[in-house]
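Here is the structure we will look at.
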Amino acid sequence: MNMASGQNKNNSNNNIASPCVRQCCLDEQDVCLGCHRTLDEILAWHAMNDQQKSALLATLQQRANAGKKR
């Protein structure tokens with residue numbers, strides 16, 4: 001642990017960057033038009049481990065692709 005910054009290098013919750021693209025606008029179903037996350041997914045991101053984040057990123061890609069087909 002880096003005592004100066006309080007960060008733990010082994011923290012498995014910070015290795016995957018947020019999919020946020022700073023185009024935050026929620027649709028009628030509370031899904032962000034920028035990153036395709038639901039409001040609940042946005043709020044939960046910081047508590048997810050890397051495995052959960054990776055799984056969500058795959059879901060987001062599917063959601064984005066489905067939106068393009070509409």
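The values are calculated or read from the model by the stated rules, or taken from the named source; none is laboratory data. For clarity, every value in this text was computed on a predicted model and none was experimentally measured. Virtual Cβ from ideal backbone geometry, glycine too; neighbours counted across all protein chains shown.
Enumerate the pairs (first residue in the range 28-51 and at positive phi; second residue anywhere and part of a loop (DSSP other than H, G, I, E, B) and modelled with pLDDT of 95 or more) with beta-carbon separation below 8 Å, excluding pairs fewer than 6 apart on the same chain, so at least 6 apart or on different chains.
Matching pairs, first to second residue: H36/P19.
Since G6 meets every condition but one in (1) loosely packed, with under 11 Cβ neighbours inside 10 Å; (2) at pLDDT 95 or above, which condition does it not meet?
Looking at each condition in turn, G6 falls short on (2).
Report yes if N14 is modelled with pLDDT under 95 and within 14 Å of the chain's Cα centre (by Cα), otherwise no.
Working: modelled with pLDDT under 95: yes; within 14 Å of the chain's Cα centre (by Cα): yes.
So N14 passes the test.
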